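The values are calculated or read from the model by the stated rules, or taken from the named source; none is laboratory data. Everything quoted here is computed from the prediction, not taken from an experiment. Only protein heavy atoms, including side chains, enter the accessible area calculation; ligands, DNA and RNA are left aside. Shrake-Rupley method; radii C 1.70, N 1.55, O 1.52, S 1.80 Å.
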Amino acid sequence: QVQLVESGGGLVQAGGSLRLSCAASGSIFAVNAMGWYRQAPGNQRELVALITSAGVTNYSDSVKGRFTISRDNGKNEVYLQMNSLKPDDTAVYYCNLVPSKLLNYWGQGTQVTVSS
């Protein structure tokens, strides 16, 4: 049974930091690229960071230099360290495979709110 459980969100002031975690069940995760996506109110869900099974990372321009994605394949967990947060980072954050269409499933996400 596939399951994705995101955690670590919260309310933080601009300039602050948060670390998100994603616990994934199912053997498919260890051999696929994983990503963190976010969706702000009124916006489409967007991919902000990805990490391949080999540990190669890539980031959207909006978070490059501020966010760091990592993974622990033994634990089937993915993390997102978010530093220098901005109000524009406010969104619900989700983890999933990259591309997400490989898996017809989304977890509940975790809310990140950055106050100015």
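Sorting 110, 57 by solvent-accessible area of protein heavy atoms yields 57, 110, largest first, with a 1.4 Å probe. Taking every protein chain into account, the accessible area of the chain amounts to 51 square angstrom per residue (probe 1.4 Å). For the chain, modelled as a GNM whose springs connect Cα atoms under 10 angstrom apart, the maximal fluctuation among 100, 21, 70 occurs at 100. Note: relative contact order over the chain, using C-alpha pairs below 8 Å and six or more positions apart, is 36 percent. At full extension, residue 30 and residue 46 could sit 3.6 nm farther apart than now, given 0.36 nm per residue minus the alpha carbon distance.
Considering only 86, 64, 101, the mean-square fluctuation computed in a Gaussian network model of the chain, springs between alpha carbons under 10 angstrom, is largest for 101.
Remark: the residue 105-residue 73 segment gains 9.5 nm on full extension, using 0.36 nm per residue and subtracting the alpha carbon distance.
Among 48, 31, 63, the largest mean-square fluctuation in a Gaussian network model of the chain, built with springs joining Cα atoms closer than 10 Å, belongs to 31. Stretched out straight at 0.36 nm per residue, the stretch from residue 17 to residue 53 would grow longer than its current Cα-Cα span by 10.4 nm.
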